[in-house]
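The next block holds one structure in the form of C-alpha coordinates; read it before the comments.
The values are calculated or read from the model by the stated rules, or taken from the named source; none is laboratory data. On a predicted model such as this, the values are computed, not experimentally measured, just so you know. Virtual Cβ from ideal backbone geometry, glycine too; neighbours counted across all protein chains shown.
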Amino acid sequence: MNGIPASRRASSIEYAIRDVVVPAIELERKGHNLIKLNIGDPLSYPGLPTPSHMVEAFKKALERQDNGYGPSYGIEDLREAIAKDERSKGWDCRSDDVYVTHGVTEALQVLFAAFLEQGDTILAPGPHYPPYMAYPQMYGAKTVEYALDSDQGWDIDTDDIRRKMNDTVKFIVIVNPNNPTGNVAKPSTIMEVLSIAKDWPNCTIIADEIYDALDFSGDQRSVASLSDEVPVVTLNGVSKVHFAPGWRIGYMAFFDPKRTLQAPRDGAERILRSRLCASTPAQYGYLAGLNHDRLWLKERLRTIERRVDLCMNRIEGIEGLSCNKPGGAFYLFPKIDNPSKYGSDKKFVLDLLHEEHVLVVHGSGFSPRYGSGHFRLVALAPEDLLNEAFDRIDRFVRSR
(Lines give C-alpha, C1' and ligand atoms only; values in the text may rest on other atoms or scores of the structure.)
Protein backbone atom coordinates (compact mmCIF):
# COMPACT_ATOMS: atom_id res chain seq x y z
CA MET A 1 0.00 0.00 0.00
CA ASN A 2 1.06 3.56 -0.68
CA GLY A 3 0.72 6.15 2.03
CA ILE A 4 2.22 7.05 5.37
CA PRO A 5 3.33 3.94 7.29
CA ALA A 6 2.38 3.23 10.88
CA SER A 7 5.14 3.09 13.46
CA ARG A 8 6.57 -0.34 14.19
CA ARG A 9 5.58 -0.01 17.84
CA ALA A 10 1.92 0.51 16.92
CA SER A 11 1.84 -2.14 14.22
CA SER A 12 3.15 -4.81 16.57
CA ILE A 13 0.48 -4.32 19.26
CA GLU A 14 -2.16 -7.02 19.64
CA TYR A 15 -5.04 -7.10 22.10
CA ALA A 16 -6.70 -10.47 21.77
CA ILE A 17 -9.66 -9.65 24.01
CA ARG A 18 -10.89 -7.00 21.59
CA ASP A 19 -9.34 -8.35 18.38
CA VAL A 20 -11.81 -11.26 18.35
CA VAL A 21 -14.63 -8.72 18.38
CA VAL A 22 -13.89 -7.78 14.75
CA PRO A 23 -15.33 -10.99 13.21
CA ALA A 24 -18.09 -10.97 15.85
CA ILE A 25 -19.26 -7.54 14.69
CA GLU A 26 -19.48 -8.84 11.13
CA LEU A 27 -21.68 -11.73 12.26
CA GLU A 28 -23.94 -9.35 14.15
CA ARG A 29 -24.26 -7.20 11.06
CA LYS A 30 -25.59 -10.27 9.28
CA GLY A 31 -28.29 -10.65 11.94
CA HIS A 32 -26.79 -13.34 14.18
CA ASN A 33 -27.31 -13.16 17.95
CA LEU A 34 -24.10 -13.94 19.81
CA ILE A 35 -23.41 -15.07 23.36
CA LYS A 36 -20.44 -12.92 24.31
CA LEU A 37 -18.22 -14.31 27.06
CA ASN A 38 -15.08 -12.50 25.93
CA ILE A 39 -14.77 -9.24 27.84
CA GLY A 40 -14.32 -8.66 31.57
CA ASP A 41 -16.81 -5.81 31.74
CA PRO A 42 -19.47 -6.47 34.41
CA LEU A 43 -21.76 -3.87 32.82
CA SER A 44 -21.95 -6.02 29.67
CA TYR A 45 -24.02 -8.56 31.61
CA PRO A 46 -27.47 -8.01 33.15
CA GLY A 47 -27.86 -7.76 36.89
CA LEU A 48 -24.38 -6.44 37.74
CA PRO A 49 -24.81 -2.65 37.72
CA THR A 50 -22.60 0.02 39.19
CA PRO A 51 -23.89 0.62 42.76
CA SER A 52 -26.49 3.38 42.95
CA HIS A 53 -24.66 5.34 45.66
CA MET A 54 -21.70 5.71 43.30
CA VAL A 55 -23.87 6.72 40.35
CA GLU A 56 -25.65 9.33 42.49
CA ALA A 57 -22.33 10.81 43.64
CA PHE A 58 -21.15 11.01 40.02
CA LYS A 59 -24.41 12.75 39.02
CA LYS A 60 -24.23 15.18 41.95
CA ALA A 61 -20.70 16.14 40.98
CA LEU A 62 -22.00 17.01 37.51
CA GLU A 63 -24.96 18.93 38.91
CA ARG A 64 -22.77 21.09 41.13
CA GLN A 65 -20.39 21.65 38.19
CA ASP A 66 -17.53 19.68 39.77
CA ASN A 67 -16.63 18.98 36.19
CA GLY A 68 -13.49 20.98 35.52
CA TYR A 69 -9.81 20.15 35.62
CA GLY A 70 -8.80 18.55 38.89
CA PRO A 71 -5.40 18.11 40.55
CA SER A 72 -3.00 16.10 38.39
CA TYR A 73 -2.47 13.46 41.09
CA GLY A 74 -6.17 13.13 41.91
CA ILE A 75 -8.60 14.97 44.18
CA GLU A 76 -7.27 14.98 47.73
CA ASP A 77 -10.33 13.39 49.37
CA LEU A 78 -10.09 10.44 46.98
CA ARG A 79 -6.35 10.02 47.51
CA GLU A 80 -6.94 9.90 51.28
CA ALA A 81 -9.81 7.41 50.90
CA ILE A 82 -7.63 5.18 48.72
CA ALA A 83 -4.77 5.42 51.24
CA LYS A 84 -7.17 4.47 54.05
CA ASP A 85 -8.40 1.50 52.03
CA GLU A 86 -4.82 0.37 51.38
CA ARG A 87 -3.99 0.75 55.08
CA SER A 88 -6.85 -1.61 55.84
CA LYS A 89 -4.99 -4.18 53.74
CA GLY A 90 -1.97 -4.06 56.03
CA TRP A 91 0.55 -1.43 54.94
CA ASP A 92 1.21 2.19 55.86
CA CYS A 93 -0.12 3.98 52.78
CA ARG A 94 -0.47 7.78 52.90
CA SER A 95 -2.35 10.05 50.51
CA ASP A 96 0.93 11.39 49.09
CA ASP A 97 1.78 7.82 48.02
CA VAL A 98 -1.34 7.65 45.80
CA TYR A 99 -1.70 8.87 42.21
CA VAL A 100 -5.07 8.70 40.45
CA THR A 101 -4.97 7.70 36.77
CA HIS A 102 -7.17 6.94 33.76
CA GLY A 103 -7.56 3.32 34.83
CA VAL A 104 -4.78 0.85 35.50
CA THR A 105 -3.73 0.94 31.84
CA GLU A 106 -2.64 4.58 32.13
CA ALA A 107 -0.87 3.79 35.40
CA LEU A 108 1.14 1.15 33.53
CA GLN A 109 2.04 3.57 30.77
CA VAL A 110 3.17 6.16 33.31
CA LEU A 111 5.23 3.62 35.27
CA PHE A 112 6.92 2.21 32.18
CA ALA A 113 7.68 5.71 30.86
CA ALA A 114 9.12 6.79 34.23
CA PHE A 115 11.20 3.67 34.99
CA LEU A 116 12.25 2.00 31.73
CA GLU A 117 15.12 2.69 29.36
CA GLN A 118 16.35 0.98 26.20
CA GLY A 119 17.35 -2.60 26.98
CA ASP A 120 15.44 -2.91 30.25
CA THR A 121 13.28 -5.94 31.04
CA ILE A 122 10.08 -6.59 32.93
CA LEU A 123 9.10 -10.06 34.11
CA ALA A 124 5.37 -10.63 33.75
CA PRO A 125 3.31 -13.78 34.26
CA GLY A 126 2.57 -16.03 31.33
CA PRO A 127 -0.29 -16.10 30.52
CA HIS A 128 -0.78 -12.39 31.12
CA TYR A 129 -3.02 -9.38 30.56
CA PRO A 130 -1.94 -8.16 27.05
CA PRO A 131 -0.75 -4.59 27.92
CA TYR A 132 2.09 -6.07 29.98
CA MET A 133 3.53 -7.33 26.71
CA ALA A 134 2.52 -4.39 24.49
CA TYR A 135 3.47 -1.32 26.51
CA PRO A 136 7.13 -1.85 27.57
CA GLN A 137 8.30 -2.05 23.95
CA MET A 138 7.11 1.55 23.46
CA TYR A 139 9.90 2.61 25.79
CA GLY A 140 12.64 0.43 24.33
CA ALA A 141 12.21 -2.33 26.91
CA LYS A 142 11.02 -5.91 26.56
CA THR A 143 8.75 -8.25 28.46
CA VAL A 144 9.97 -11.70 29.44
CA GLU A 145 7.27 -14.05 30.67
CA TYR A 146 7.74 -16.14 33.78
CA ALA A 147 5.67 -19.30 33.97
CA LEU A 148 2.44 -19.87 35.80
CA ASP A 149 2.32 -23.61 36.46
CA SER A 150 -0.89 -25.09 35.06
CA ASP A 151 -0.18 -28.37 36.87
CA GLN A 152 -0.27 -26.46 40.18
CA GLY A 153 -3.45 -24.46 39.61
CA TRP A 154 -1.56 -21.73 37.69
CA ASP A 155 0.59 -20.91 40.70
CA ILE A 156 3.62 -18.65 40.19
CA ASP A 157 6.72 -20.64 39.24
CA THR A 158 9.22 -18.90 41.50
CA ASP A 159 12.09 -21.03 40.22
CA ASP A 160 11.41 -19.68 36.73
CA ILE A 161 11.52 -16.11 38.05
CA ARG A 162 14.82 -16.86 39.76
CA ARG A 163 16.29 -18.23 36.52
CA LYS A 164 15.24 -15.15 34.54
CA MET A 165 16.46 -12.46 36.92
CA ASN A 166 19.35 -10.26 35.84
CA ASP A 167 20.53 -6.64 36.08
CA THR A 168 18.15 -5.49 33.31
CA VAL A 169 15.00 -6.49 35.20
CA LYS A 170 13.29 -3.34 36.49
CA PHE A 171 9.90 -4.84 37.33
CA ILE A 172 8.45 -8.15 38.43
CA VAL A 173 4.70 -8.10 37.83
CA ILE A 174 2.28 -9.97 40.09
CA VAL A 175 -1.36 -9.96 38.94
CA ASN A 176 -3.36 -11.18 41.93
CA PRO A 177 -5.99 -12.52 41.37
CA ASN A 178 -4.68 -13.33 37.94
CA ASN A 179 -6.20 -12.51 34.58
CA PRO A 180 -6.79 -14.79 32.64
CA THR A 181 -6.38 -17.84 34.92
CA GLY A 182 -8.16 -16.72 38.11
CA ASN A 183 -5.30 -17.98 40.28
CA VAL A 184 -4.88 -16.32 43.68
CA ALA A 185 -1.26 -16.40 44.81
CA LYS A 186 -0.65 -17.74 48.29
CA PRO A 187 1.10 -15.35 50.71
CA SER A 188 4.02 -17.79 50.96
CA THR A 189 4.48 -17.62 47.18
CA ILE A 190 4.45 -13.82 47.22
CA MET A 191 7.02 -13.85 50.03
CA GLU A 192 9.26 -16.04 47.89
CA VAL A 193 9.01 -13.59 44.98
CA LEU A 194 9.88 -10.74 47.34
CA SER A 195 12.90 -12.67 48.62
CA ILE A 196 14.13 -13.04 45.03
CA ALA A 197 13.63 -9.34 44.28
CA LYS A 198 15.48 -8.36 47.45
CA ASP A 199 18.74 -9.53 45.86
CA TRP A 200 18.30 -7.11 42.93
CA PRO A 201 18.34 -3.50 44.18
CA ASN A 202 17.08 -2.01 40.90
CA CYS A 203 13.95 -4.20 40.87
CA THR A 204 10.46 -3.04 41.87
CA ILE A 205 7.31 -5.15 42.17
CA ILE A 206 4.19 -4.12 40.27
CA ALA A 207 1.24 -5.55 42.22
CA ASP A 208 -1.83 -5.47 39.97
CA GLU A 209 -4.64 -6.02 42.48
CA ILE A 210 -7.60 -4.76 40.45
CA TYR A 211 -9.59 -7.94 41.36
CA ASP A 212 -8.47 -8.10 45.00
CA ALA A 213 -11.93 -8.18 46.65
CA LEU A 214 -13.20 -10.79 44.18
CA ASP A 215 -11.52 -13.61 46.09
CA PHE A 216 -13.17 -16.97 46.85
CA SER A 217 -10.00 -18.63 48.12
CA GLY A 218 -9.28 -16.61 51.26
CA ASP A 219 -5.62 -16.39 50.18
CA GLN A 220 -5.55 -12.92 48.61
CA ARG A 221 -3.11 -10.55 50.33
CA SER A 222 -1.74 -7.15 49.43
CA VAL A 223 1.82 -7.56 48.15
CA ALA A 224 2.89 -4.30 49.82
CA SER A 225 1.65 -5.62 53.16
CA LEU A 226 4.04 -8.58 52.87
CA SER A 227 7.14 -6.58 51.87
CA ASP A 228 9.62 -5.12 54.31
CA GLU A 229 12.39 -3.89 51.99
CA VAL A 230 11.38 -4.40 48.36
CA PRO A 231 9.57 -1.44 46.77
CA VAL A 232 6.06 -2.19 45.51
CA VAL A 233 3.72 -0.18 43.30
CA THR A 234 0.13 -1.29 43.89
CA LEU A 235 -2.37 -0.87 41.05
CA ASN A 236 -6.12 -0.86 41.60
CA GLY A 237 -9.22 1.09 40.68
CA VAL A 238 -12.94 1.33 40.17
CA SER A 239 -13.37 -1.05 37.23
CA LYS A 240 -13.83 -4.52 38.65
CA VAL A 241 -14.53 -4.51 42.39
CA HIS A 242 -16.76 -1.42 42.09
CA PHE A 243 -18.31 -2.46 38.75
CA ALA A 244 -17.60 0.79 36.90
CA PRO A 245 -15.06 0.02 34.15
CA GLY A 246 -16.18 2.79 31.81
CA TRP A 247 -15.40 5.45 34.39
CA ARG A 248 -11.67 4.85 33.74
CA ILE A 249 -10.43 5.66 37.22
CA GLY A 250 -7.50 3.73 38.64
CA TYR A 251 -4.53 4.46 40.83
CA MET A 252 -0.97 3.56 41.66
CA ALA A 253 0.21 3.58 45.27
CA PHE A 254 3.93 3.55 46.08
CA PHE A 255 5.39 1.50 48.92
CA ASP A 256 9.00 2.66 49.14
CA PRO A 257 10.48 1.63 52.50
CA LYS A 258 14.09 2.47 51.64
CA ARG A 259 13.28 5.58 49.56
CA THR A 260 14.81 4.17 46.40
CA LEU A 261 12.02 5.33 44.09
CA GLN A 262 12.33 9.10 44.50
CA ALA A 263 13.73 9.73 41.01
CA PRO A 264 11.20 7.60 39.05
CA ARG A 265 8.39 8.97 41.23
CA ASP A 266 9.45 12.46 40.22
CA GLY A 267 9.35 11.28 36.61
CA ALA A 268 5.87 9.82 37.09
CA GLU A 269 4.67 13.08 38.64
CA ARG A 270 6.01 15.07 35.67
CA ILE A 271 4.14 12.80 33.27
CA LEU A 272 0.94 13.08 35.31
CA ARG A 273 1.15 16.86 35.33
CA SER A 274 1.69 16.95 31.58
CA ARG A 275 -1.47 14.93 30.88
CA LEU A 276 -3.56 17.19 33.18
CA CYS A 277 -5.92 14.98 35.25
CA ALA A 278 -8.28 12.04 35.45
CA SER A 279 -12.06 12.56 35.15
CA THR A 280 -13.18 14.77 38.03
CA PRO A 281 -16.84 13.67 38.41
CA ALA A 282 -15.86 9.99 38.10
CA GLN A 283 -13.40 10.48 40.96
CA TYR A 284 -16.26 11.67 43.16
CA GLY A 285 -18.21 8.58 42.20
CA TYR A 286 -15.29 6.37 43.21
CA LEU A 287 -14.92 8.31 46.46
CA ALA A 288 -18.53 7.44 47.33
CA GLY A 289 -17.77 3.78 46.66
CA LEU A 290 -14.80 3.77 49.02
CA ASN A 291 -16.66 5.64 51.77
CA HIS A 292 -19.78 3.45 51.60
CA ASP A 293 -20.14 0.06 53.28
CA ARG A 294 -19.59 -2.93 51.00
CA LEU A 295 -22.36 -5.24 52.14
CA TRP A 296 -23.68 -5.14 48.57
CA LEU A 297 -20.38 -6.60 47.36
CA LYS A 298 -20.77 -9.75 49.49
CA GLU A 299 -23.95 -10.70 47.63
CA ARG A 300 -22.35 -9.79 44.30
CA LEU A 301 -19.38 -12.03 45.14
CA ARG A 302 -21.70 -14.93 46.00
CA THR A 303 -23.42 -14.47 42.62
CA ILE A 304 -20.11 -14.56 40.77
CA GLU A 305 -18.91 -17.61 42.69
CA ARG A 306 -22.13 -19.48 41.84
CA ARG A 307 -21.60 -18.70 38.18
CA VAL A 308 -17.97 -19.80 38.31
CA ASP A 309 -19.08 -23.07 39.93
CA LEU A 310 -21.69 -23.55 37.20
CA CYS A 311 -19.02 -23.07 34.54
CA MET A 312 -16.69 -25.53 36.26
CA ASN A 313 -19.47 -28.15 36.44
CA ARG A 314 -20.31 -27.71 32.78
CA ILE A 315 -16.67 -27.86 31.66
CA GLU A 316 -16.16 -31.08 33.63
CA GLY A 317 -19.05 -32.60 31.66
CA ILE A 318 -17.54 -31.83 28.24
CA GLU A 319 -15.13 -34.47 26.99
CA GLY A 320 -12.05 -32.79 25.57
CA LEU A 321 -12.03 -29.82 27.96
CA SER A 322 -10.61 -29.43 31.45
CA CYS A 323 -10.06 -26.49 33.76
CA ASN A 324 -8.32 -25.47 36.98
CA LYS A 325 -10.84 -23.91 39.34
CA PRO A 326 -10.13 -20.19 39.74
CA GLY A 327 -9.65 -18.76 43.21
CA GLY A 328 -10.76 -15.26 42.33
CA ALA A 329 -11.77 -12.71 39.68
CA PHE A 330 -14.43 -13.93 37.19
CA TYR A 331 -12.49 -15.76 34.50
CA LEU A 332 -11.99 -19.40 33.61
CA PHE A 333 -9.14 -20.61 31.42
CA PRO A 334 -10.16 -24.05 30.11
CA LYS A 335 -7.65 -26.34 28.46
CA ILE A 336 -8.43 -27.82 25.05
CA ASP A 337 -7.14 -31.35 25.52
CA ASN A 338 -6.25 -31.86 21.85
CA PRO A 339 -5.94 -28.40 20.25
CA SER A 340 -4.30 -29.75 17.07
CA LYS A 341 -7.63 -31.40 16.27
CA TYR A 342 -9.00 -27.89 15.75
CA GLY A 343 -5.89 -26.47 14.09
CA SER A 344 -5.05 -24.13 17.00
CA ASP A 345 -6.69 -22.54 19.99
CA LYS A 346 -7.38 -19.43 17.90
CA LYS A 347 -9.06 -21.50 15.20
CA PHE A 348 -11.08 -23.25 17.92
CA VAL A 349 -12.33 -19.83 19.08
CA LEU A 350 -13.08 -18.54 15.58
CA ASP A 351 -14.83 -21.74 14.49
CA LEU A 352 -16.87 -21.75 17.72
CA LEU A 353 -17.85 -18.16 16.97
CA HIS A 354 -18.90 -18.83 13.38
CA GLU A 355 -20.61 -22.18 13.96
CA GLU A 356 -22.22 -21.74 17.38
CA HIS A 357 -22.12 -17.96 17.84
CA VAL A 358 -20.32 -18.09 21.20
CA LEU A 359 -17.53 -15.56 21.65
CA VAL A 360 -14.56 -16.39 23.91
CA VAL A 361 -10.85 -15.48 23.66
CA HIS A 362 -8.01 -17.73 22.49
CA GLY A 363 -5.43 -18.51 25.14
CA SER A 364 -2.48 -17.82 22.85
CA GLY A 365 -3.67 -14.20 22.79
CA PHE A 366 -2.58 -14.05 26.44
CA SER A 367 0.70 -15.82 25.74
CA PRO A 368 1.74 -17.80 22.67
CA ARG A 369 3.90 -19.98 24.90
CA TYR A 370 2.01 -20.36 28.18
CA GLY A 371 -1.56 -19.75 27.05
CA SER A 372 -1.61 -21.79 23.87
CA GLY A 373 -4.14 -24.61 23.84
CA HIS A 374 -6.56 -22.78 26.15
CA PHE A 375 -9.32 -20.24 25.90
CA ARG A 376 -10.64 -17.66 28.32
CA LEU A 377 -14.29 -17.14 29.14
CA VAL A 378 -15.98 -14.69 31.48
CA ALA A 379 -18.38 -16.16 34.06
CA LEU A 380 -20.55 -13.06 34.54
CA ALA A 381 -23.53 -13.90 32.33
CA PRO A 382 -26.79 -15.10 33.96
CA GLU A 383 -27.03 -18.83 34.62
CA ASP A 384 -29.47 -19.55 31.78
CA LEU A 385 -27.20 -17.82 29.27
CA LEU A 386 -24.12 -19.64 30.58
CA ASN A 387 -25.94 -22.96 30.26
CA GLU A 388 -26.95 -22.12 26.70
CA ALA A 389 -23.36 -21.18 25.88
CA PHE A 390 -22.06 -24.47 27.27
CA ASP A 391 -24.72 -26.43 25.39
CA ARG A 392 -23.32 -24.85 22.23
CA ILE A 393 -19.69 -25.43 23.25
CA ASP A 394 -20.50 -29.07 24.02
CA ARG A 395 -22.17 -29.48 20.64
CA PHE A 396 -19.21 -27.86 18.90
CA VAL A 397 -16.66 -30.09 20.65
CA ARG A 398 -18.69 -33.26 19.97
CA SER A 399 -18.96 -32.31 16.29
CA ARG A 400 -15.20 -32.73 16.02
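The test for being in a helix (DSSP H, G or I) and modelled with pLDDT under 95 holds for PRO23.
Among the residues of segment 247-270, those that are among the hydrophobic types (A, V, I, L, M, F, W, C) and either assigned to a loop (DSSP other than H, G, I, E, B) or over 15 Å from GLY70 (Cβ atoms) (or both) comprise ILE249, MET252, ALA253, PHE254, PHE255, LEU261, ALA263, ALA268. Annotation: LEU377 fulfils all but one of (1) closer than 22 Å to PHE216 by Cα; (2) part of a loop (DSSP other than H, G, I, E, B); the unmet one is (2). If only residues of segment 134-160 that are in contact (Cβ under 8 Å) with a residue 24 or more places away in the chain and in a helix (DSSP H, G or I) are counted, the one that is nearest to GLU192 (Cα to Cα) is THR158. Scanning segment 93-104 for residues that are in contact with a strand residue (DSSP E or B) (Cβ under 8 Å, 6 or more places away or on another chain) and either more than 16 Å from LEU261 (Cα to Cα) or surrounded by fewer than 18 Cβ atoms within 10 Å (Cβ to Cβ) (or both) returns VAL100, THR101, HIS102, GLY103, VAL104. Restricting attention to segment 66-85, the residues that are farther than 23 Å from ILE271 by Cβ and at pLDDT below 95 add up to 2. Within segment 321-339, being within 14 Å of the chain's Cα centre (by Cα) and in a strand (DSSP E or B) holds for GLY328, TYR331, LEU332.
If you go through segment 275-329 and keep only what is among the small types (Gly, Ala, Ser) and touching a helix residue (DSSP H, G or I) at 6+ places or on another chain (Cβ under 9 Å), you end up with ALA278, SER279, ALA282, GLY285, ALA288, GLY289, GLY317, GLY320, SER322, ALA329. Looking only at residues of segment 47-91 that are aromatic (Phe, Trp, Tyr) and crowded, with 17+ Cβ neighbours inside 10 Å, we find that the one that is farthest from the chain's Cα centre (by Cα) is PHE58.
Considering the conditions (1) more than 19 Å from the chain's Cα centre (by Cα); (2) without any contact (Cβ under 8 Å) to a residue 24 or more places away in the chain, LEU352 is excluded by exactly one of them, (2). Screening ARG273 against (1) touching a Ser or Thr at 6+ places or on another chain (Cβ under 7 Å); (2) in a loop (DSSP other than H, G, I, E, B) leaves a single unmet condition, (2).
Of a type in the set (Val, Ile, Thr), in contact (Cβ under 8 Å) with a residue 60 or more places away in the chain, assigned by TED's automatic domain parsing to the domain that holds VAL233 and at negative phi: does that describe THR121? No, not satisfied.
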